[in-house]
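Participant: Below is a structure I'd like to ask you about.
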Amino acid sequence: MNDAVTLRVNGKPVTVPAGAMVSTAIAAAGFDLFRRSVTGQPRGPLCGMGICFECRVTVGGRQHVRSCQTACASGMEVQTDE
Amino acid sequence: MNASFDVAIAGGGIVGAACADFCSAAGMRVAVVEAGPIGGGATAAGMGHIVVMDDSPAQIALTERSRSLWMALARELPADAEYVTAGTIWVAADAEEMAEVERKRALYAGIGVRAEVLGPRQLSEAEPNLRPGLAGGLLVPDDGVSYPPCAARFFLERAQARGAVLLRAKAVELMETGIRLAGGEAVAAGAVVNATGAWAPELTPRFAVRKRKGHLAITDRYPGFLRHQLVELGYLKSAHSTAADSVAFNAQPRRTGQVLIGSSRQFGAEHAAIDQPILTRMLERARAYMPPLADLTVIRCWTGFRAAAPDKLPLIGPCAGRPRLLLATGHEGLGITTSLATGELVAAHLSGRPFAIPPEPYLPSRELEAEGDPLHE
Amino acid sequence: MSEGDRSFDVLVIGAGPAGLAAACRAAAARAIVCLVDDNPRPGGQIWRASLDRVPGPAVPWIATAARLGVRMIEGARVFAAPEPGRLALETGAGEPLDLRYRSLVLATGARERFVPFPGWTLPNAMGAGGLQSLVKSGFPVRGKKVVVAGSGPLLPAVARYLRHAGADVRLIAEQAPLAALARFARSLLHHPHKLAEAAIFGGSLAGVRYLTSSWPVSAQGDGRVQSVTLARGGKTFTESCDYLACGFGLVPNTELASLLGCRVSEGVAVDDYQRTTVEGVYAAGEITGIGGVDLALVEGEIAGHAAAGQTERASRLFQARDRQRHFARSLARSFTLREELKHLAPDDTLVCRCEDVSLGRVRAATGWREAKLQTRCGMGPCQSRVCGPAVEFLLGWKPDSVRPPLFPVSVNSLSQAGDSGS
């Protein structure tokens, strides 16, 4: 893995191949819960193609970012719900 | 369809539903005729701002009475009516508008409406996302916010619990003796109320209610971004002109954490499609007041048609020469607020009981001069 | 971008097989062509590239498009059509982008259809294509137990891909009956190049159980899916899993076509030249009806030729398209969703995942619009792309009208849509 990217998910460092999406980093860091639904249920990705909005997380302080459509970048801070 | 009713109401928007609520509470046998969803017209398109407005003494009386009815009802409203006493802040951009704040405060004090003047610092503490440099504002803490379609359904359900009947049909003709439905049958009733909003003139021609199109945009959920309903005082200069298309900054915090962004006013636009140039102007106006809005995500936009009367007062009461045919329309942008007082007035007209506020300013028989091109000649 | 950089003879929306083919054919006719896709890379869902960079079937098309000077814009979504000949987009970086066209080819593809059942909202219960596309972007499944379920030829393809990525695929549950699949397999014999797909029935997935007439009735787990209960032969059984990959066929992405005013029934209605009912607007691929990659390619080629004015060349491909349509019909017949799937969800199962609205609350409404207004069903950021087809399947309600923004978009971008901007 020459071109790998290291970022942090909920403060935990994780290294993924270049080009990987944020959803990949979240799973690789060991998290299943991406967000809490409006009634507090745990949710993770569904469609994998940017349509369902279930994989939304906070990236670099920006809310409601679809993790399956966002490429990882070095030093990125990703926050899931708890 | 032989049942006879004391009153048949055409229109299941929030005004029709409130009329059904008050009429049934007064002991009348009520029918509501609505083919579409309850609260599916202007009710669904509106913001749901419960606000005291002071454009004229009659408007103050109606909105103040109605807001107090909402406040009294607050505890009974179901959760999905999303009633929140968010308060309104009238935002003043400059010294001229601050003078208006002071005038408004004095007026509200005179009628017992709580209001508090905010200086520039208090304003930015109350709403940190407003741009710096604004002159101040007037906080009206008891104004509220509601989700109108569910409030309308609640009013109608209360009426239904008292025996009111909802007829899922289209009204095609209103008579003093009842409503003719699209299928040809008639609903016989002792009186008829036209509460079909901007479509009222199609059923009761020859009065000057026109469609005034509006746009709204709603964001994803950003809890805490906005706390009060914000309305620019420039509203008075722009939106209240009846001639030209206009936009004004108007932002509302929903209980969901969503931000509802308005507003626009257009005459002569009959098509419900989003009008991109006016949407652009509306959003730019909002950004000018609240720059961080730019980064929020809009998930939906829509339009609706306000029923606008030329003197900015609704038409509530019997038609001239047709005492059993009542109108309850022309509420323009205030139909959610004034729905309850409208229902109360209609019920008083029909039952002969005392009026809570003087009914005369809203009578359809008042002198109305249509501005611009009237819908019906 | 200057004015010239934003105006195109042919603008193609969607860089899957249909869009790539359309862009290449139009560019070969010397049209100035732009190809836009909302994904970070071209190829669409079916040709989505893997991180391992194994050259996929999209590669030669992308190379051809590049050689012919097709302007490629990736990661951008169309959210409004402020006036004829003009689209408003938001780029991946969140910037507004305004594009103009003489002819427009819509190749917006399809998405998975989801059918609600108890537990379908648990984390790690995903679409079948959904999990595949995540894995293509590196999502780790090595050694994980996966159950693949739902319906359609996508399921074995997904299972094969997941195995290749190291997943422990426990079984494939296809809701269609064996007899229908056997007919489908026979129909593939008329399409020799599709025999690779047919091979699934002959054991290239050796070791993976392929169950027919079997479907998920519930998923269980604490905070994530841990097992799935499946129906088969009048009984149920429970299989433990780390991931459930479940999709019930595909739904055309017709929203942009609807916004432009094109007639849409099952898919976008088109004539022989792939012209929609709106002047200058063509449609190709899955949005005209689910038919697979080969039909998408030939439709894309026809649309590309026609959009560039080469109607004679377009017409030479009609016969090839007819053959593919025959296959598409057999596909639809074979994988028809069974009645039982309409009764998987009790009233407390969520239908709308954005607003957490249960089927019981939706069912109580008189129709889609009332359900939206009274329950918030479909009012969240997915704009009913997930619950809409589910509700249509369960209750028969047609979706509500389409309005801009077609996708959630920043106030900044939305406020600049339709600016004549320089």
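The values are calculated or read from the model by the stated rules, or taken from the named source; none is laboratory data. This is a predicted model, so every value here is computed, not measured. Virtual Cβ from ideal backbone geometry, glycine too; neighbours counted across all protein chains shown. Areas reflect the complete protein model, heavy atoms only, side chains present, ligands, DNA and RNA absent. Shrake-Rupley method; radii C 1.70, N 1.55, O 1.52, S 1.80 Å.
Participant: Using 5 Å bins from zero, what percent of all Cα-Cα pairs in the range C:32-93 falls into each bin?
Facilitator: 4, 16, 22, 22, 19, 10, 4, 2, 0
Participant: Place the peptides C:40-48, C:315-323, C:232-240 in order of packing, highest mean first, counting for every residue the other Cβ atoms within 10 Å and averaging per peptide. Walk me through the numbers before you get to the answer.
Facilitator: Values: C:40-48: 21.8, C:315-323: 13.9, C:232-240: 11.7.
Listed from highest to lowest mean packing, they are C:40-48, C:315-323, C:232-240.
Participant: If each residue of separation counts as 0.36 nm, what is the full-extension length gain between residue C:74 and residue C:401 once their alpha-carbon separation is subtracted?
Facilitator: Net length gain for the segment: 115.0 nm.
Participant: I've got another one for you. Starting from the coordinates of the alpha-carbon atoms of the range C:341-395, obtain the Kirkwood hydrodynamic radius over all distinct pairs and give the value in Å to one decimal. Mind dumping the intermediate values first?
Facilitator: Values: mean 1/r = 0.0934 Å⁻¹.
Result for the range C:341-395, one decimal place: 10.7 Å.
Participant: Kindly state, to the nearest 0.05, the FRET efficiency for residue C:30 paired with residue C:83, given R0 = 30 Å and r defined as their beta-carbon distance.
Facilitator: 0.65
Participant: Additional query: If the elastic network links every pair of Cα atoms under 10 Å, which of B:29, B:287, B:306 fluctuates the most in the Gaussian network model of chain B?
Facilitator: Taking springs between Cα atoms under 10 Å, the residue moving most is B:287.
Participant: For chain B, count the residues as N, evaluate 2.2 N^0.38 Å, and divide the Cα radius of gyration by that value, please. Walk me through the intermediate numbers first.
Facilitator: Details: Rg = 20.1 Å, N = 377, 2.2 N^0.38 = 21.0 Å.
Normalised Rg, Cα atoms only: 0.96.
Participant: For a bin width of 10 Å, list the pair-distance distribution of chain C built from all Cα-Cα distances, rounded to whole %.
Facilitator: Answer for chain C: a P(r) of 5, 21, 31, 27, 14, 2, 0 percent.
Participant: Under 10 Å, Cα contacts only: if you run a Gaussian network model on chain B, which one of B:34, B:360, B:116 comes out with the highest mean-square fluctuation?
Facilitator: B:360
Participant: Would you kindly give the portion of the calculated P(r) for the range B:95-226 that falls above 20 Å, as a percent of all Cα pairs? If you can, show how the numbers build up before the last one.
Facilitator: Values: 6030 of 8646 pairs.
Result: 70 percent of Cα pairs exceed 20 Å.
Participant: Nearest 5 percent is fine: what portion of the DSSP beta bridges confined to chain C is antiparallel?
Facilitator: 45 percent
Participant: Let me ask something else. Given the DSSP H assignment, sum -39500 (n - 2.57) over each helix run of at least 4 residues in chain B and divide by its residue total; what's the result at 222 nm in deg cm²/dmol, nearest 500? Walk me through the numbers on the way to the answer.
Facilitator: Numbers: 10 runs with 110 residues, N = 377.
Mean residue ellipticity, 222 nm, calculated: -9000 deg cm²/dmol.
Participant: Further, regarding this structure: In degrees between 0 and 90, to the nearest 10, how far off the longest principal axis of chain B does helix B:57-73 point, with axes built from Cα atoms?
Facilitator: 90 degrees
Participant: Under 5 Å between amide H atoms, partner at least 5 residues away or on a different chain: which partners does residue A:56 have, H built in plane at 1.01 Å?
Facilitator: HN-HN under 5 Å from residue A:56: A:67.
Participant: Pairs B:104/B:211; B:312/C:372; B:104/B:312: which are spaced more than 23 Å apart, C-alpha to C-alpha?
Facilitator: Numbers: B:104/B:211 29 Å; B:312/C:372 31 Å; B:104/B:312 19 Å.
Check vs 23 Å cut-off fails for B:104/B:211; B:312/C:372.
Participant: Based on alpha-carbon centroids, what's the gap between the range A:11-82 and the range C:287-319 in Å, whole number please?
Facilitator: 38 Å
Participant: What accessible area per residue, rounded to a whole number of Å², is obtained for the range B:299-340 using a probe radius of 1.4 Å? Walk me through the numbers before you get to the answer.
Facilitator: On the way: 1010 Å² over 42 residues.
In whole numbers, the range B:299-340 has 24 Å² accessible per residue.
Participant: Oh, and also: Could you name the lysines whose alpha carbon sits less than 26 Å from that of residue C:136, not counting residues in the same chain fewer than 8 places away?
Facilitator: Output for residue C:136: A:12, C:144, C:145, C:194.
Participant: Here's a follow-up. Against the longest alpha carbon principal axis of chain B, how many degrees, from 0 to 90 and to the nearest 10, is the axis of helix B:276-289 turned?
Facilitator: It works out to around 50 degrees.
Participant: Where does helix B:148-161 land angle-wise versus the long Cα axis of chain B, in degrees 0 to 90, nearest 10?
Facilitator: 30 degrees
Participant: Could you calculate the FRET efficiency of residue B:284 with residue B:255 from 1/(1 + (r/R0)^6), where r is the beta carbon distance between them and R0 is 35 Å, rounded to 0.05?
Facilitator: 0.80
Participant: Calculated FRET efficiency, residue B:172 and residue B:272, Cβ-Cβ r, R0 22 Å, to nearest 0.05? Mind dumping the intermediate values first?
Facilitator: Values: r = 21 Å, r/R0 = 0.97.
Given R0 = 22 Å and the Cβ-Cβ separation, E is 0.55.
Participant: Now for a different question. At q = 0.14, 0.19, 0.21 Å⁻¹, what is the base-10 log of I(q)/I(0) for the range C:114-248 according to the Debye formula with one equal point scatterer per Cα and no solvent? Please give it to two decimals.
Facilitator: After summing over all Cα pairs, the log10 values are -0.59, -1.05, -1.26.
Participant: Then there's this: Where the accessible area of the range A:4-79 is counted over protein heavy atoms with a 1.4 Å probe, how much of it, in %, is carbon and sulfur?
Facilitator: 51 percent
Participant: Sticking with this structure for a sec: Could you compute how much accessible surface residue C:9 exposes when probed at 1.4 Å, giving the result in Å² to the nearest 10?
Facilitator: Its accessible surface works out to 40 Å², give or take rounding.
Participant: Provide the percentage of antiparallel DSSP beta bridges, counting only those with both residues in chain B; round to the nearest 5.
Facilitator: Working: 47 of 66 bridges.
Roughly 70 percent of the DSSP beta bridges within chain B come out antiparallel.
Participant: For the range B:316-372, what ratio Rg/Rh do Cα atoms give with a Kirkwood hydrodynamic radius?
Facilitator: Numbers: Rg = 11.6 Å, Rh = 12.0 Å.
Result for the range B:316-372 is an Rg/Rh of 0.96.
Participant: Treat each spin label as a single point 7 Å out from the Cα along the C-beta direction, and report the residue A:39 to residue B:54 distance in nm.
Facilitator: 4.4 nm
Participant: So, one more: Which cross-chain or sequence-distant (5 or more) residues have an amide H under 5 Å from the amide H of residue C:278, H modelled 1.01 Å from N in plane?
Facilitator: C:263
Participant: GNM, chain C, Cα, under 10 Å: largest mean-square fluctuation among C:265, C:133, C:334?
Facilitator: Ranking C:265, C:133, C:334 by mean-square fluctuation puts C:265 first.
Participant: Positive end of the charge dipole of chain B (Lys, Arg +1 and Asp, Glu -1 on Cβ, about the Cα centre): tell me which of B:166, B:207, B:252 has its Cα farthest that way.
Facilitator: Looking along the dipole axis, the top candidate is B:166.
Participant: Then there is this: Could you work out the relative contact order of chain C, using alpha carbon pairs under 8 angstrom and six or more residues apart, expressed as a whole percent?
Facilitator: 20 percent
Participant: Charges only on Cβ, +1 for Lys and Arg, -1 for Asp and Glu: so what's the dipole of the range A:4-79 about the Cα centre, in debye to the nearest 20?
Facilitator: 160 debye
Participant: Moving on. Can you bin every Cα-Cα distance in the protein assembly as shown into 20 Å intervals starting at zero and give me the percent of pairs per bin, rounded to whole numbers?
Facilitator: For the protein assembly as shown, the binned pair fractions read 14, 42, 33, 10, 0 percent.
Participant: Determine the share of chain B's accessible area contributed by carbon and sulfur atoms, expressed in whole percent, with a 1.4 angstrom probe.
Facilitator: 53 percent
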